[in-house]
Amino acid sequence: MIRTALQQNYDLRDAVARVDAARANLGITQADQYPNFGVGADVSSIELSRQGQFTIPRGTSRQRTFGSVFLNLFTFGDRHLGSLAPRDGAARADLLGADWTRKAVVTTLISDVATAYFSLLEFDMEWRCKKTLWLRERNRSV
């Protein structure tokens, strides 16, 4: 019963999802501490008339192609001056808080299921005892 409760409890599913989101947020925050690498390219083509950039009748234009390529090898910002340390600490605290909440949900769920099970056993035993006593009394009176 406890295994079924752990598998099918919506509160626990929500708590696990919050832990996963906090873990992903921490990963993103930690990834910002490393240098960035980027590559890009752009090509544009402009048709110009002999008098400038106007609407061009067919056959009277010349075409110019411009291109640019940029390579952004490593980008360092103010990351190394400690501006990400508070964000990293906050993300780590969020992850720990979400994980402790998940553990509390698991503990409470197991406790509630076990308590309900033992209460049910107690009521069942009490009912059997009362039924046995009732049958004895009935048999005596017959």
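The values are calculated or read from the model by the stated rules, or taken from the named source; none is laboratory data. Because the structure is a prediction, the values reported are computed rather than measured. FYI the Cβ positions are ideal-geometry reconstructions off the backbone, even for glycines, and counts take in every protein chain you see. Remember, those area values only see protein heavy atoms, side chains included, never the ligands or the DNA or RNA. Shrake-Rupley method; radii C 1.70, N 1.55, O 1.52, S 1.80 Å.
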Candidate set: region 89-142, residues that are β-branched (Val, Ile, Thr) and free of Cβ contacts under 8 Å to residues at least 40 places away in the same chain; chosen: the one surrounded by the fewest Cβ atoms within 10 Å (Cβ to Cβ): Val142
Leading residue by the ranking (modelled with the highest pLDDT) among those in region 23-40 that are farther than 12 Å from Ala98 by Cβ and within 15 Å of the chain's Cα centre (by Cα): Gly27
Criterion: modelled with pLDDT under 90, of a type outside the set (S, T, N, Q), touching a Ser or Thr at 6+ places or on another chain (Cβ under 7 Å) and not in a strand (DSSP E or B) - qualifying residue of Arg87, Arg58, Arg79, Arg136: Arg87
Residue pairs meeting the criteria (Cβ under 8 Å; at least 6 apart or on separate chains; first within 15 Å of Trp100 (Cβ to Cβ), in region 1-22; second open to solvent by 70 Å² or more (accessible area, probe 1.4 Å) and in a helix (DSSP H, G or I)): Ala22/Asp94
